[in-house]
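Asker: Okay, handing you the structure first.
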Amino acid sequence: MKSENCKYTASVNKRMVGVSGAFTLAEVLVATVLVGLAIVSLLVASKAFTQVNSAAVKLTNAEFLIDQIRELTTPLDVVDPQSGTANFGPETGESLSNYDDLDDFDGASFCPPIDAGRQQLTDLSAFTQQITVENVSATNFEQVVDDHWSLFVRITVRIFLQSEQLSSRQWLRARY
């Protein structure tokens with residue numbers, strides 16, 4: 001029996017001599033490819049997340065600038081309190097600091113943009129606020145009519161970053 005045990009041990013030792021505890025070249029290559037793919041995927045995802053974040057920041061700033069114009073114009077009369085419907089747009093000698101009605105803002109463009117207190121927002125100087133004020137039909141708010149021919153006006157604010165329009169919003173006001 002003792003000799004059989006020795007034979008078995010010898011044959012096991014012969015088989016183990018050719019096997020080491022290291023990885024094969026094929027296993028190393030597969031692992032390297034998998035790690036490389038994971039790294040490339042993370043880089044692509046990171047770039048996409050950065051682009052989405054940048055677009056979100058631009059859009060958030062654009063919406064903020066629209067809200068500033070809306071807040072600025074909300075307390076204003078639709079037509080001039082002194083001259084009434086005699087003029088559409090700013091009256092002679094009026095500037096941003098003394099615009100006193102909505103139609104004064106028709107055709108206005110601000111770069112750098114302004115806030116609700118009419119102060120320039122120099123940190124956002126790459127943006128432009130463009131404002132249009134139009135009279136619209138009382139029965140069809142999509143139909144533009146002559147100045148002061150309707151009791152309704154539509155205010156449109158467009159926000160541009162350089163020459164690209166980022167956002168636009170419209171709202172209606174009634175002259176009551």
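The values are calculated or read from the model by the stated rules, or taken from the named source; none is laboratory data. Keep in mind that this is a model prediction, so the values were computed, not measured. We place every Cβ from the backbone using ideal geometry, glycine too, and count neighbours over all the protein chains shown.
Asker: In contact with an Asp or Glu (Cβ under 8 Å, 6 or more places away or on another chain), at pLDDT 90 or above and of a type in the set (Ser, Thr, Tyr): is that true of SER109 in this structure?
Answerer: Answer is no for this residue.
Asker: Name every residue in region 142-176 that is outside any strand (DSSP E or B) and crowded, with 17+ Cβ neighbours inside 10 Å, in order of residue number.
Answerer: Selection gives ASP147, HIS148, SER150.
Asker: Looking at region 150-163, I want the residues that are within 10 Å of ILE131 (Cα to Cα) and have a partner that is among the small types (Gly, Ala, Ser) with Cβ atoms under 8 Å, at least 6 apart or on another chain. Which pairs are those?
Answerer: Pairs found: THR156/SER168; VAL157/SER168; ARG158/SER167; ARG158/SER168; ILE159/ALA62; ILE159/SER167; ILE159/SER168.
Asker: What are the pairs, 6+ residues apart or on separate chains, where a residue within region 99-122 that is more than 17 Å from GLN170 (Cβ to Cβ) and of a type in the set (Gly, Ala, Ser) has its Cβ under 6 Å from a residue that is exposed (fewer than 14 other Cβ atoms within 10 Å of the Cβ) and at pLDDT 95 or above?
Answerer: ALA116/GLU71
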